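Working notes for the structure below.
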Amino acid sequence: MSTESSEQVLDYPFRAPGPLEPAEEWAKLRAGCPVAHIRLPSGDRAVLLTRYADVRQLLADPRFSHQLAQEGAARIATNESGTVFENEAAASLVDGHQRWRRLLNKSLIAKRVSAMQPRIEAMTEQLIDDMTRQGSPADLLGAVGFPLPVWVICELLGMPGVDRDKLAYWSNTMLSVSHYTQAEIDAAQAEFARYFMAHIAAKRAEPGDDLLSELILAVDEGQHLTERELMMIGQGVLVAGHETTSNMIGKMMAMLLADRARWEQLVADPSLVRVAVEEVLRFDANAGFGLPRFLSEDVEVGGQTLPRGTTVICSMAAANRDDQAYERADAMDLRRSPNPHLTFGAGPHSCVGQALARTELQTVLSVLLRRLPTLELAVPAGSLARREGLLVGGLEGVPVRW
Amino acid sequence: MRVIVDTEKCCGAGQCVLVAPKVFDQRDDGIVVLLDAAPASELHAAVREAACVCPGAAIRLDEQA
């Protein structure tokens, strides 16, 4: 990279003062340095955007993808197989143009996801039954947040429930930046590939009432999806849909319970759930890395021209706290509406699973409000431990009692 | 109020369907379908929210109409 200047180069990602708090750099950069030079864990250089308008503009620009597996793009970490952004499956999942992504989009459209809601609710009830049977206190993340999205994905892909734990491990490992060794990451990818190829073969032989069977039978541009494309879907859905949603369930509950008034407001008026979930998504300061964009041509952003060949990191979490875009941006307002936050990205590359994620979050919150209105954190919010080594920000656990 | 949707800009996120299901639907491929171009006044708040949160900025409102 040739971004040489006398400007300060900041090490990225930043360290925040607490598990639910924003990094101190965000407000400073938004105010004084909207296009900041940063050094990634790999040592490669990139540029960081933190203002709402800039982040939205670049994310919504259809010319740029987050495919970093190309010549000249910065590497995020030093692992050979790289991260989710250098991973072909996950990268093309956000790219929008492949026909399999188009087919997946079709399967995950909002009204179809809404039709899945009763099943998601039943699974949530079952997980809460198991948790309450073990008794208070419990780790809400381990008991509900971590398993639920895997259960949902298993159901979506028509996988047997007994394989849920294996899937959880593989997706956890494939998404790692530095938590697992290269050998562990390679092994997880290989094991998952083997498992999923066998699963595709089984579904081909005997289609079921699930998304994978539907995709196997689907015809687009006069052709069926290839084995390789189906593989991409399986891997993409798992890495993009599991960890992200699990972590968000944990963080949602931590944020809402960190200030009891928030929880009590929702217990008193559960009709706020939909709007509250959007605010939780906006307010999440422990959101991880942000989304990269590799500039295939020059672009003007934040009053500066960024040259072709630049790797840009868009911090949606910093943008979501921009007081130029939101009144009292640093306050959590469970009635805030409308709430056009950037947590799922923007434009043609925005998250294909956002309707599903929203439905899972709304369902978990609604069921917990109804089943466990006395829920509270069992430790001070400031002592919750962040998960390290993942691109997607999260907590190690969310200890609760009721 | 008159609602105008741009199917070219629509990215199929479905936020509008979740926020204002009486006014917006989705085709099989996720692209927006406008059910009611002149929604009744009790739906205006939801339609404004849908327009504002649309990730593709594909919904335009003519408040004068």
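Summary table
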| item | result |
| --- | --- |
| Cα shape, segment A:248-402, gyration tensor, a/c 1.5 rule | prolate |
| Spacing of the two label points (7 Å from each Cα toward its C-beta) at residue A:24 and residue B:62, in nm | 5.3 |
| Shape parameters for segment A:146-302, alpha-carbon atoms, Rg then Dmax in Å | 19.4, 56 |
| Relative contact order (%) - criterion: Cα under 8 Å, at least six apart; region: segment A:125-188 | 20 |
| Segment B:26-65 and segment A:333-378: distance between their alpha carbon centers, rounded to Å | 21 |
| Length-normalised contact order for chain A - Cα pairs under 8 Å, 6+ apart - percent | 27 |
| Of all DSSP beta bridges in the protein assembly as shown, antiparallel share, percent nearest 5 | 85 |
| Partner chain coverage, peptide A:107-115 - average Cβ within 10 angstrom | 5 |
| Per-pair calculated FRET efficiency, R0 = 41 Å: residue A:214 and residue A:331 via Cβ, rounded to 0.05 | 0.40 |
| Cα radius of gyration and Dmax for segment B:2-62 (Å) | 10.0, 30 |
| Sequence of A:360, A:24, A:300 once ranked by neighbouring C-beta atoms within 10 Å, starting from the fewest | A:300, A:24, A:360 |
| GluC sites (Glu not before Pro) restricted to DSSP loop in segment A:194-233 with at most 15 other C-beta within 10 Å | A:221 |
| Label-reachable residues, segment A:283-325, where backbone N falls under 16 Å from a point 7 Å from residue A:7's Cα toward its Cβ | A:293, A:295, A:298-315 |
| Label point distance in nm, residue A:304-residue B:52, each placed 7 Å from Cα along Cα→Cβ | 3.1 |
| Residues B:22, A:203, B:9 arranged by fewest to most Cβ contacts within 10 Å | B:22, B:9, A:203 |
| Inter-chain Cβ neighbour average for residues B:26-34, partner chain, 10 Å | 4 |
| Gap separating the Cα centres of segment A:114-174 and segment A:221-270, nearest whole Å | 11 |
| Average beta-carbon neighbours from other chains, 10 Å sphere, peptide B:6-14 | 6 |
| Whole-Hz ³J(HN,Hα) from phi, Karplus 6.51 cos²θ - 1.76 cosθ + 1.60, for segment B:28-39, glycine and proline x | 4, 8, x, 5, 4, 10, 7, 8, 8, 6, 10, x |
| Set of lysines with alpha-carbon distance to residue B:9 below 27 Å, sequence-local pairs under 8 removed | A:106, A:111, B:22 |
| Virtual spin-label span in nm between residue B:29 and residue A:165, 7 Å along Cα→Cβ | 4.4 |
| Partners for residue A:28 among lysines (Cα-Cα distance below 28 Å; same-chain residues under 8 apart left out) | A:251 |
| Relative contact order (%) - criterion: Cα under 8 Å, at least six apart; region: chain B | 48 |
| Förster radius 22 Å - calculated FRET efficiency between residue A:193 and residue A:111 (Cβ-Cβ, nearest 0.05) | 0.10 |
| Shape of the protein assembly as shown, Cα gyration tensor, a/c cut at 1.5 | rounded |
| GluC sites (Glu not before Pro) within segment B:11-65: DSSP coil, no more than 10 neighbouring Cβ in 10 Å | B:63 |
| Estimated FRET transfer efficiency when R0 is 41 angstrom, pair residue A:401-residue A:99 (beta carbons, to 0.05) | 0.25 |
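No lab work stands behind these numbers, since they all come straight from the coordinates. These numbers were taken from a predicted model, which means no experiment stands behind them. Cβ atoms come from the backbone with ideal geometry, glycine included; neighbour counts cover every protein chain shown.
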